[in-house]
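Let me begin by presenting the structure, written as structure tokens, before commenting on it.
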Amino acid sequence: MNHSELERIARGMVAPGKGILAADESTGTIKKRFDAIAFESTETNRQLYREMLLAAPGINEAISGVIMYDETLRQKTRAGVPFPQHLASLGIFPGIKVDQGAKPLANFPNETVTEGLDGLRERLKEYHGLGARFAKWRAVIDIGAGYPTRFCIEANAHALARYAALCQEQGIVPIVEPEVLMDGAHSLETCEAVTDEVLCETFRALAAHRVHLEGIVLKPNMVISGKKNAARATPEQVAEATVRCLRRWVSPAVPGIAFLSGGQSTTEATLHLSLMNRQPLPWALTFSYGRALQDSALKAWGGKPANFEAGQREFMRRARLNGLAAKGGYTADMESGAA
């Protein structure tokens with residue numbers, strides 16, 4: 001394990017004004033997205049959509065890394081260049097999703113644990129050979145009556161830490177993603193309390209597994225009210241609570257934090273990130289968004305060849321706005337102009 005190389009990649013992933021495109025939707029998830037635009041989800045069509053994003057002119061101005069699904073990592077551009085090689089030629093780090101999804105946690109109703117540790121070492125070796133330089137593993141913590149339990153939090157933190165250690169062993173930077181969902185009716189205060197517990201346990205487990213913190217990127221949720229709570233916190237309250245929570249538990253050794261958008265609207269996710277970056281921080285704060293970067297681009301494209309460049313322009317508009325947010329320079333009135 002080369003710590004200096006892990007550190008170089010991790011720092012590059014959170015470079016100023018850049019963030020990570022999460023393009024790692026499973027085949028089932030991308031089918032739902034395509035269904036919304038009445039576009040058939042074939043391997044050829046999925047390749048075309050990924051190429052629209054990954055070959056967008058100027059992508060390396062705002063995107064530092066791309067998380068891919070197994071299928072995408074093995075695909076090529078229409079010019080015959082493997083996607084990882086295409087990205088690397090632009091100075092963008094290729095990444096891979098390696099978890100196998102959140103599955104019901106036996107004896108703990110309404111709770112899940114993420115699976116995929118069996119055979120992971122061998123898969124990581126193969127992925128490194130295919131060009132992947134970072135990986136992603138998502139743990140899912142839901143909030144409801146009587147949960148999350150302490151055991152669920154510990155089980156997911158342990159799996160995240162085992163995954164992270166295996167990644168670093170193979171020269172791959174782990175994105176550590178403990179996500180507290182915003183699906184419930186909980187308050188901002190409840191989300192903060194649960195996120196506190198989740199981050200505390202995650203970093204305890206990382207330390208126990210001797211994970212090199214300078215060679216990871218954290219991908220947490222923002223501290224936010226549940227979607228079903230009528231009393232929504234203001235963007236300023238979200239930014240303040242999130243930074244407060246991160247300061248408590250995230251070591252300044254971690255080079256950067258790349259937030260997930262986690263059910264927020266496209267513009268909410270950008271505004272919250274920008275507000276946080278107006279505070280003095282010990283780490284880089286940036287984005288690792290999926291839907292918040294892709295939704296408007298997918299609609300602009302609509303699966304129509306004539307709209308391919310329109311989809312790319314819309315994707316780049318969102319990427320640049322989020323790049324500005326990563327420097328604290330985004331304001332909501334920018335949505336009406338061209339960025």
Karplus-derived 3J(HN,Hα), 6.51/-1.76/1.60, for each residue of segment 173-179, Hz, glycine and proline x: 6, x, 7, 9, 10, x, 9
Placed amide H near Q279: partners under 5 Å, 5+ positions off or other chain: none
Cα→Cβ-extended label distance, 7 Å offset, between A193 and I37, nm: 4.3
Relative contact order (percent, whole number), segment 104-231, Cα cutoff 8 Å, 6+ residue spacing: 28
Chain lengthening between R247 and R204 when straightened (0.36 nm per residue, less Cα-Cα): 14.0 nm
Cut-off under 5 Å, modelled amide H: who pairs with T112 long-range: L105, D142
For segment 251-268 versus segment 155-204, the gap between their alpha-carbon centres in whole angstrom: 12
Table column - 3J(HN,Hα) (Hz), segment 271-277, Karplus curve with 6.51, -1.76, 1.60, x for Gly and Pro: 5, 4, 4, 5, 4, 5, 6
Calculated FRET value between T234 and S336, using beta carbons and R₀ = 25 Å, to 0.05: 0.75
Hz values of 3J(HN,Hα) by residue in segment 61-72 - Karplus curve (6.51, -1.76, 1.60), Gly and Pro given as x: 6, 10, 10, 9, x, 10, 8, 10, 8, 3, 4, 5
Anisotropy class of segment 1-117 from Cα gyration tensor, a/c 1.5 cut: oblate
Cα shape, segment 158-304, gyration tensor, a/c 1.5 rule: oblate
Estimated FRET transfer efficiency when R0 is 41 angstrom, pair A88-R150 (beta carbons, to 0.05): 0.45
Förster radius 30 Å - calculated FRET efficiency between N45 and R121 (Cβ-Cβ, nearest 0.05): 0.35
Gyration tensor (alpha-carbon) shape descriptor, the chain, a/c threshold 1.5: rounded
Spatial separation of Cα centroids for segment 52-125 and segment 35-49, in angstrom: 18
Under-5 Å amide H pairs with V176, H placed in peptide plane, nonlocal only: V217, L218, K219
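FYI, it's all coordinate maths here, none of it is from the lab. This is a predicted model, so every value here is computed, not measured. Here the Cβ is made from the backbone with ideal geometry for all residues, glycine too, and neighbour counts use every protein chain on show.
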